[in-house]
Amino acid sequence: MSSPLAPATATQLIHHPYRPPAGFEAPQIAVHKASTVLFANVAAMRERDWRNKSGYTYGLHGTPTTFALEERLASLEGGRHCLLVPSGLAAIASVALALLKPGDGVLLPDNVYGPNRDLAFGELARFGVRPVLYDPLDISDLAAKLSPDVRLVWLEAPGSVTMEFPDLTAQVRLCRECGALALLDNTWGAGLAFAPFDLLGDGRLGVDVSVHALTKYPNGGGDVLMGSVVTRDEALHQQLKLTHMRLGLGVGANDAEAVLRGLPSMALRYRAHDHAARRLAAWLCTQPQVAQVLHPALPDSPGHAHWQALCGTADGGQGAAAGLFSVVFDARYTQRQVDAFCDALSLFRLGYSWGGPMSLVVPYTLSAMRSRPTPHLKPGCLVRFSIGLERVEDLQADLARALAAALQA
Ligand SMILES: *Cc1c(COP(=O)(O)O)cnc(C)c1O
C-alpha cells in the first residue's frame, strides 16, 4: 500500500487522466491557467507558431480565456486584432515602445491622460524621442506641429479631466495625410459612443490603434486592472505583438475571466452611467456655486459640436457619453472651500479611476496639468466626478447637501 507522500502518488496527482468534459457547451468561458502548454511530439512543437494564434504555445502567448477576450474586444471596437496588457497605462507604454525610435516626434494633446504625458516627457524623451503638446481644439495647431519626423499622434475624445471634445475625424484625416500613425486612447468612448476604426460610417477613415483601459467600463467592477491594444492592420499588429512578447506582458486568467464577465452588461451599464451623469451635470449647471460644467453633451461645453457630430446619433438620437464630467466652481471659492465640499460628500467617495459601481470625486489642480492657456475654461477650482450606478436622486441629494455645507451661495 502506498503512503500519500509516495512518489507514485505525487506523480499521479500531476499526470492525472483528466480531460475537459466533451460536449460541455456552457456559454461562459472557462478560466484556463497555464504557463506550460504541452505538445504531443517534437514535430507538433516545431510546427506551432505563437504569432498566428493557430494554436497554443506558452501561457504568456495566450490561453483559450485570453484569446476569447481578445476576440470580443477587437469586435467591440471594430478592429481585427487585440493584445492584452496588465493596465491601460501599459497599453499606452507598450505601443510607444513598439513604434518609436530615437529622433522620432510624438504629439500629445494638451489635455492628454496625465501619465501618458509623463511617460513621453520622461522615459521617451530620455531615449531620444521628441514629445510635443498640441491644442486639441485647434486643428491648425496640430497641422503646424505635424512635421515629417512625427511618427505618432495621440488622440483623446474627449480629453482627460477638462473634457474638451476635439474634431477627431479631422485630426485622423490630418495624421493620414502627413503619414503619422493616429493612436486613440478610447477609454471614454469604450467602443460604444463611436466607432474608432470607422469614423465616417463608410469604412474609409479610422484610427490606426485604439488603446483602452479595460479597468474602467469593460470590467465595470472596480476590481481589475487591464488594458487592450486593438488594430485593424495586420502588419501593425505584428509589430506591436513582437514588442508585447519581448516585454513579457501578460494578464492573469482570473482577471481575463472577470472582464469577460463584465462585457455582456457593459452597454447597459454605460447607458446608465451616461444618463445619470447627464442629469446631474444639468442640475449642477443650475447651482449658483457652479461657474462651468464640462460635459461634452452640454451645449456650452468646449467641443460640444464635435461630440454631437461623432456620438450624437447613438442611443436613438440622444447620443452617447461616459459617466464623467468636471465642474469649475465660482472663482470666489478657495481651494480649501472646494476641498471641504469634496470632503462633505458621503456617497461620492474620494478615489482615482472610474467605470465602477461607486461614484467618485477628485479635485484637480489645473495649473499643474496644462502647458497652454485655457481661455475656454472659467477660472476657479475644478472637480472631476465619475458617476456610478447609485440612484441618481440619492447622488443629487448628496451633492446638494455638500454644496450647502461647504460652499454657501
Ligand atoms: C484610467 C485611464 C488610463 C489608464 O488605465 P489604468 O488601467 O488605470 O492604467 C488610460 N487612459 C485613460 C483615458 C484613463 O482614464
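The values are calculated or read from the model by the stated rules, or taken from the named source; none is laboratory data. Keep in mind it's a predicted model, so treat the numbers as computed, not measured. Note: ideal-geometry Cβ built from the backbone for every residue, glycine included; neighbour counts use all protein chains shown. Note: areas computed on protein heavy atoms with side chains; ligands, DNA, RNA excluded. Shrake-Rupley method; radii C 1.70, N 1.55, O 1.52, S 1.80 Å.
Things to note:
- When the range 51-86 is limited to residues that are of a type in the set (S, T, N, Q) and open to solvent by 30 Å² or more (accessible area, probe 1.4 Å), the one that is nearest to Thr231 (Cα to Cα) turns out to be Ser75.
- Filter pass, Glu234 being closer than 30 Å to Ala291 by Cα and touching a residue at least 40 places away in the same chain (Cβ under 8 Å): no
- Residue that is nearest to the ligand (Cβ to nearest atom) [pool: residues in the range 219-230 that are farther than 18 Å from Ser359 by Cβ and assigned to a loop (DSSP other than H, G, I, E, B)]: Leu225
- Among the conditions (1) closer than 25 Å to Leu268 by Cα; (2) away from the ligand (no atom under 14 Å from the Cβ); (3) charged (D, E, K, R), Lys216 misses just one, which is (2).
Matching residues to (1) under 26 Å from Ser147 (Cβ atoms); (2) crowded, with 19+ Cβ neighbours inside 10 Å:
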residue	(1), (2)
Gly191	no, yes
Asp198	no, no
Leu205	yes, no
Val224	no, yes
Val229	yes, yes
His244	no, yes
Ala256	no, yes
Ala272	no, no
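- Filter pass, Gln308 being among the polar types (S, T, N, Q), assigned to a helix (DSSP H, G or I), under 19 Å from Glu164 (Cβ atoms) and modelled with pLDDT of 95 or more: yes
- Count of the range 96-133 residues which are assigned to a loop (DSSP other than H, G, I, E, B), open to solvent by 30 Å² or more (accessible area, probe 1.4 Å) and more than 16 Å from the ligand (Cβ to nearest atom): 5
- Residue satisfying condition, being within 18 Å of the chain's Cα centre (by Cα) and farther than 21 Å from Asp110 by Cβ, within set Gly227, Gly252: Gly227
- All positions within the range 378-409 that are under 15 Å from Arg349 (Cβ atoms), open to solvent by less than 10 Å² (accessible area, probe 1.4 Å) and outside any helix (DSSP H, G or I): Val383, Phe385, Ser386, Ile387, Gly388
- Unique residue being assigned by TED's automatic domain parsing to the domain that holds Pro379 and among the aliphatic types (A, V, I, L, M) when the list is Ala258, Ala297, Ala253: Ala297
- Tabulated pairs, the range 43-68, first within 17 Å of Arg246 (Cβ to Cβ), second open to solvent by 80 Å² or more (accessible area, probe 1.4 Å), C-beta under 9 angstrom, 6+ apart or interchain: Trp50/Tyr58; Thr57/Met45; Thr57/Arg48; Tyr58/Thr36; Gly59/Lys33; Gly59/Thr36; His61/Arg51
- Every residue from the range 158-188 that is assigned to a loop (DSSP other than H, G, I, E, B) and either near the ligand (Cβ under 10 Å from one of its atoms) or among the hydroxyl-bearing types (Ser, Thr, Tyr) (or both): Pro158, Gly159, Ser160, Val161, Thr162, Asn186, Thr187, Trp188
- Being touching a residue at least 60 places away in the same chain (Cβ under 8 Å) and not assigned by TED's automatic domain parsing to the domain that holds Glu77 is true of Ala314.
- Some residue of the range 346-358 being among the charged types (D, E, K, R), over 30 Å from Val259 (Cβ atoms) and open to solvent by 50 Å² or more (accessible area, probe 1.4 Å): no
- Positions within the range 162-179 being among the hydrophobic types (A, V, I, L, M, F, W, C) and open to solvent by 10 Å² or more (accessible area, probe 1.4 Å), in sequence order: Ala170, Leu174, Cys178
- Number of residues in the range 172-187 that are free of Cβ contacts under 8 Å to residues at least 60 places away in the same chain and under 19 Å from the mean Cα position of the chain (by Cα) equals 3.
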